[in-house]
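Peer 1: Pasting in a structure now, in structure tokens, and then I'll have a few things to ask.
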Amino acid sequence: MEPILSTKDLSIQFGGHLAVNGVNATFPERRFTSVIGPNGAGKTTFFNLLSGQIKPTRGKIFFKGMDVTGLSSYKRTRMGIGRSFQITDVFPELTVLENVRLAVQAREKVYYRMFFYGRKYRQLEEKAVYWLKKVFLDQKQDFLARYLTHGEKRKLEIAMLLALETDILLLDEPTAGMSMEEVPVILDLIRRLKEEQERTIILIEHKMDMVLDLSDRVIVLMNGKMLADGTPEEILQNELVQSAYLGGNRHDSRIGTD
């Protein structure tokens, strides 16, 4: 089966530094892949390349067999590649419902018109509430987004991403900055998204217990290069990974946290 997303010799250079260096990766449809590695390994830069925030120095990116290397992030989102960021990206002065409704409107290609048919907007709001229920935020739909906790803003951002109905979810450290009490809620949400098997999910995450629990497959980056690619069990047993991250201890859960 042809992968839904793949890269060929993907590289980007900033001055004399190769942040991503010749990465050849394939992502099977509706599978959960985690990308791990120490700080500076090139993980977020790799995501920026996949989503179109930056363009590669060389190499190609293919989505559903099509070369999307030269396309903007906006066009890639339209095609089906959705991406979240380490820092929450919501509209703080809009309500929770309005935030998600804007994402629904973008998906439906409906833009504001003063005398727009009222029933259509009600349909958009119904869809927005549907996605808010997915992330357990429907009870706060009338709150301004700025009053949400950090964890709730993460859930809102995921609801907005889901509302775009993309084929791929690129989740960049979705638990970053959360309190210990908030992490299990996001973990449960991501697990449910995986179990639904409606989307291909690619995750950057430093919490190895989370990576091992959720992933069908793990890619390890180091110094911009792919160090290893396999199931969680294969990664834990990989001698190169052990040498680079585990110090020879196969069960050390600190991998990827440096």
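Peer 1: Consider the stretch 147-174. How many of its residues are of a type in the set (S, T, N, Q) and surrounded by fewer than 20 Cβ atoms within 10 Å (Cβ to Cβ)?
Peer 2: Residues in the stretch 147-174 being of a type in the set (S, T, N, Q) and surrounded by fewer than 20 Cβ atoms within 10 Å (Cβ to Cβ): 1 in total.
Peer 1: From the list 21, 39, exactly one residue is crowded, with 18+ Cβ neighbours inside 10 Å and out of contact with any Pro (no Cβ under 9 Å at 6 or more places or on another chain). Which is it?
Peer 2: Details: 39 fails: crowded, with 18+ Cβ neighbours inside 10 Å.
Going through 21, 39 in turn, just one is crowded, with 18+ Cβ neighbours inside 10 Å and out of contact with any Pro (no Cβ under 9 Å at 6 or more places or on another chain): 21.
Peer 1: Which pairs have Cβ atoms under 7 Å, sit 6 or more apart or on different chains, and link a residue in the stretch 50-72 that is on the phi > 0 side of the Ramachandran plot and outside any strand (DSSP E or B) to one that is at pLDDT below 95 and exposed (fewer than 13 other Cβ atoms within 10 Å of the Cβ)?
Peer 2: Pairs that qualify, where the first residue is on the phi > 0 side of the Ramachandran plot and outside any strand (DSSP E or B) and the partner is at pLDDT below 95 and exposed (fewer than 13 other Cβ atoms within 10 Å of the Cβ), are 65/2.
Peer 1: Among the numbered conditions (1) of a type outside the set (Ser, Thr, Tyr); (2) in a strand (DSSP E or B); (3) under 17 Å from residue 201 (Cα atoms), tell me where residue 12 comes up short.
Peer 2: (3)
Peer 1: Then there's this: Considering (1) crowded, with 21+ Cβ neighbours inside 10 Å; (2) of a type outside the set (S, T, N, Q); (3) in the same structural domain as residue 196 (by TED's automatic domain parsing); (4) free of Cβ contacts under 8 Å to residues at least 60 places away in the same chain, say which one residue 104 fails and leave the rest.
Peer 2: Going through (1) crowded, with 21+ Cβ neighbours inside 10 Å; (2) of a type outside the set (S, T, N, Q); (3) in the same structural domain as residue 196 (by TED's automatic domain parsing); (4) free of Cβ contacts under 8 Å to residues at least 60 places away in the same chain one by one, residue 104 breaks only (3).
Peer 1: Select from the stretch 210-248 the residues that are among the small types (Gly, Ala, Ser) and modelled with pLDDT under 90 and list them in ascending order.
Peer 2: 243, 244, 247, 248
Peer 1: Hey, among the residues in the stretch 12-65 that are among the small types (Gly, Ala, Ser) and in contact with a helix residue (DSSP H, G or I) (Cβ under 9 Å, 6 or more places away or on another chain), which one's nearest to residue 192 (Cα to Cα)?
Peer 2: Within the stretch 12-65, the first condition is being among the small types (Gly, Ala, Ser), and the residues that meet it are 15-16, 19, 22, 25, 34, 37, 40-42, 51-52, 59, 65.
The next check asks that each one be in contact with a helix residue (DSSP H, G or I) (Cβ under 9 Å, 6 or more places away or on another chain); those that pass are 19, 25, 34, 37, 51-52, 59.
Details: 19: 33, 25: 25, 34: 16, 37: 25, 51: 23, 52: 27, 59: 34 Å.
In this case the residue turns out to be 34.
Peer 1: Let me ask something additional. Any chance the stretch 224-244 includes a residue that's buried (at least 17 other Cβ atoms within 10 Å of the Cβ) and in contact with a Phe, Trp or Tyr (Cβ under 8 Å, 6 or more places away or on another chain)?
Peer 2: no
Peer 1: Scanning for something modelled with pLDDT of 95 or more, crowded, with 19+ Cβ neighbours inside 10 Å, under 30 Å from residue 187 (Cβ atoms) and among the basic types (Lys, Arg), does the stretch 51-65 turn up at least one residue?
Peer 2: For the stretch 51-65, residues modelled with pLDDT of 95 or more, crowded, with 19+ Cβ neighbours inside 10 Å, under 30 Å from residue 187 (Cβ atoms) and among the basic types (Lys, Arg): absent.
Peer 1: Additional query: Tell me, yes or no, whether the stretch 193-200 has at least one residue that is touching a residue at least 60 places away in the same chain (Cβ under 8 Å), under 30 Å from residue 65 (Cβ atoms), in a helix (DSSP H, G or I) and within 13 Å of the chain's Cα centre (by Cα).
Peer 2: Initial filter on the stretch 193-200 (touching a residue at least 60 places away in the same chain (Cβ under 8 Å)): 194, 197-200.
Those still in the list that are under 30 Å from residue 65 (Cβ atoms) too: 194, 197-200.
Retained after the next criterion (residues that are in a helix (DSSP H, G or I)): 194.
Imposing the further condition that a residue be within 13 Å of the chain's Cα centre (by Cα) reduces the set to 194.
Yes: the stretch 193-200 contains one or more residues that are touching a residue at least 60 places away in the same chain (Cβ under 8 Å), under 30 Å from residue 65 (Cβ atoms), in a helix (DSSP H, G or I) and within 13 Å of the chain's Cα centre (by Cα).
Peer 1: Residue under question is residue 45, and the condition is that it be of a type in the set (S, T, N, Q), assigned by TED's automatic domain parsing to the domain that holds residue 228 and modelled with pLDDT of 95 or more; does it hold?
Peer 2: Judged against the criteria, residue 45 is a match.
The values are calculated or read from the model by the stated rules, or taken from the named source; none is laboratory data. Everything quoted here is computed from the prediction, not taken from an experiment. Quick reminder, even Gly has a Cβ in these numbers, built from the backbone with ideal geometry, and neighbours come from all protein chains shown.
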